[in-house]
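Only the coordinates and a few stated rules stand behind these numbers; no lab work does. No experiment lies behind these values; they were computed from the predicted model shown. Every residue, glycine among them, receives a Cβ derived from its backbone with ideal geometry; neighbour counts consider all protein chains shown.
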Amino acid sequence: MNKILLSLDSFFKDKSNSEKWMIISMITIVIGYLSYSLFLPYAEDKYKKSIARKRQLDKSLMANKQYLAGITVNGDRDFYIKKYDNDILKLEKDIKKTNGDINYISSKLEELSPLLFNKESWSKFLDSITAEAREQKVKIDYINNEYVDSNGSFGHVLEIAVGAIGDYRNITKFINKLEKNILVTDVYQMDIRLDENKTTNIADINISVWGINH
């Protein structure tokens, strides 16, 4: 560095002040020109990239503002989040209920399977009629039943006629229990009337049992 300074002193020693300033001005101009030529393209490139980045950010900001405006309901930005959370909870409850229904139906089908495919099970159903009559304090006057062959297709497999004697309320409870039997039963006709002495009620009940012959 000292050598450079000594060389400059020696160079400018015999120069006049005007020559010195002229040389310094030329050096300054050259340095300025070189700096301009070298750094201006870099600065312009940075400027253009900054402008492009700003436009991208402005576009993203506008899109986000539009999105927020679209999901905001009555000033609540979380409206749809809450709505979807509630929808999910409802669907989970529906799925749980559906699974419960499926399990219930499956268990009932398993219980029904032996009743639908053999005559021994039908006899158990006939026995259940008398048991239910005792439970409801109803006297059985008669039970007539006829097995119906539907050639393997689903349909009536039993036609049952039941005669019952008892209090009107007990008879209606008895009929209600028959309709709610585990089998597919249909009380399609009934006649409830007072006996000749008008002291009790007599009922003629006709029941169809549905199933598959086997």
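In this rough spin-label picture, where each label sits 7 Å from Cα along the Cβ direction, the residue 76-residue 104 distance is 3.3 nm.
In this model, which of 139/198; 93/180; 96/177; 137/180; 137/177 are farther than 20 Å apart at the alpha-carbon?
From 139/198; 93/180; 96/177; 137/180; 137/177, over 20 Å: 93/180; 96/177.
With K and R counted +1 and D and E -1, the other residues having a Cβ less than 14 Å from that of residue 72 yield a net charge of +2. Each residue of segment 88-98 was assigned a 3J(HN,Hα) from its phi angle through the Karplus curve 6.51 cos²θ - 1.76 cosθ + 1.60 (θ = phi - 60°); the sequence is 5, 4, 5, 5, 4, 5, 5, 5, 4, 5, 4 Hz, with glycine and proline shown as x.
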